[in-house]
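Remarks on the structure that follows.
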Amino acid sequence: MIIKQIAIGYMGNFSYIVGCENTRQALVIDPGADAERIVSVAADEDLKIVTIVNTHGHGDHTAGNANLKSLTGADIIIHALDGDRYPGADIRLSDEKNLQLGDITFDVIHTPGHTPGGICLHAKGNLFTGDTLFVGDSGRTDLAGGDRPTLGRSIRRLMELPDDTVVWPGHDYGPTPSSTLGWEKRNNVNAIEYGYFVQD
């Protein structure tokens, strides 16, 4: 599995290109406003972008949707509960069915709390967490549709995955651009404070 983490935008956003090594198909998670840069990075890796996935509907994560679709023809996917935030989506998820990308199967995990339709994607020991879980922190719940207890339940679900699962967050807010769930259990002060998981 090929993972390219791209810092885009003034809010420390991360966009991701995830590619299948065998088929060279790729999906983009949370495209920032610089769609041309995303296409260029994919081309450098000889990857064809076929899918765009939004972890939630906030504008800093959907800003590149339309332009990236225009450049690649990729379908845009968002959870139905955030569908009103991006009406132009091609596919609205209503359950946790898997997403297939070449030889890679992504588990879709519904993680409301930051927004009602927040999702995370899990495949091959990698977890793309959007604004649900950051390195050393967790998503805001003071925006429309946010709810702290709901976010806590979502994060506790994520913590059931193996400790060596790599966390790829939606923003560069922590001391490192990625971490592991084991590290988060020991060091995520925000999540510990709110009792999102029990420390080892």
**Asked** When residues of segment 100-111 are filtered for being surrounded by 18 or more Cβ atoms within 10 Å (Cβ to Cβ) and either aromatic (Phe, Trp, Tyr) or within 20 Å of residue 61 (Cα to Cα) (or both), how many remain?
**Response** 4
**Prompt:** Looking at segment 39-65, which of the residues that are assigned to a strand (DSSP E or B) and β-branched (Val, Ile, Thr) is nearest to residue 145 (Cα to Cα)?
**Reply:** 53
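From the list 91, 49, 29, 104, which residue is of a type outside the set (D, E, K, R) and in contact with a Lys or Arg (Cβ under 9 Å, 6 or more places away or on another chain)? Walk me through it before giving the result.
Working: 91 fails: in contact with a Lys or Arg (Cβ under 9 Å, 6 or more places away or on another chain); 49 fails: in contact with a Lys or Arg (Cβ under 9 Å, 6 or more places away or on another chain); 29 fails: in contact with a Lys or Arg (Cβ under 9 Å, 6 or more places away or on another chain).
Criteria check complete, one pass: 104.
This table checks each residue for (1) surrounded by 15 or more Cβ atoms within 10 Å (Cβ to Cβ); (2) in contact (Cβ under 8 Å) with a residue 40 or more places away in the chain; (3) within 20 Å of residue 127 (Cα to Cα).
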{"site": "7", "(1), (2), (3)": "no, yes, yes"}
{"site": "23", "(1), (2), (3)": "no, yes, no"}
{"site": "30", "(1), (2), (3)": "yes, yes, yes"}
{"site": "40", "(1), (2), (3)": "no, no, no"}
{"site": "56", "(1), (2), (3)": "yes, yes, yes"}
{"site": "73", "(1), (2), (3)": "no, no, no"}
{"site": "83", "(1), (2), (3)": "yes, no, no"}
{"site": "86", "(1), (2), (3)": "yes, no, no"}
**Item:** Where residue 176 falls short, out of the listed (1) closer than 16 Å to residue 12 by Cβ; (2) modelled with pLDDT under 95; (3) not small (Gly, Ala, Ser)
**Value:** (2)
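Here is a yes/no grid of residues against (1) crowded, with 19+ Cβ neighbours inside 10 Å; (2) outside any loop (DSSP other than H, G, I, E, B); (3) of a type in the set (Gly, Ala, Ser):
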site	(1), (2), (3)
113	yes, no, yes
116	yes, no, no
146	no, no, yes
149	no, yes, no
153	no, yes, no
157	no, yes, no
168	yes, yes, no
**Request:** Just give me the residues in segment 118-142 being among the acidic types (Asp, Glu) and surrounded by 24 or more Cβ atoms within 10 Å (Cβ to Cβ), in sequence order.
**Result:** 131
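Residues being under 17 Å from residue 18 (Cβ atoms) and either among the polar types (S, T, N, Q) or touching a helix residue (DSSP H, G or I) at 6+ places or on another chain (Cβ under 9 Å) (or both): count how many of those fall in segment 94-112.
Looking only at segment 94-112, we keep the residues that are under 17 Å from residue 18 (Cβ atoms), and these are 98-109.
Checking the rest, the ones that are also either among the polar types (S, T, N, Q) or touching a helix residue (DSSP H, G or I) at 6+ places or on another chain (Cβ under 9 Å) (or both) come to 98, 100, 105, 109.
Count: 4.
The values are calculated or read from the model by the stated rules, or taken from the named source; none is laboratory data. Values in this document were obtained by computation on a predicted structure and should not be read as measured data. Every residue, glycine as well, gets a Cβ built from its backbone with ideal geometry; the counts of neighbours run over all protein chains shown.
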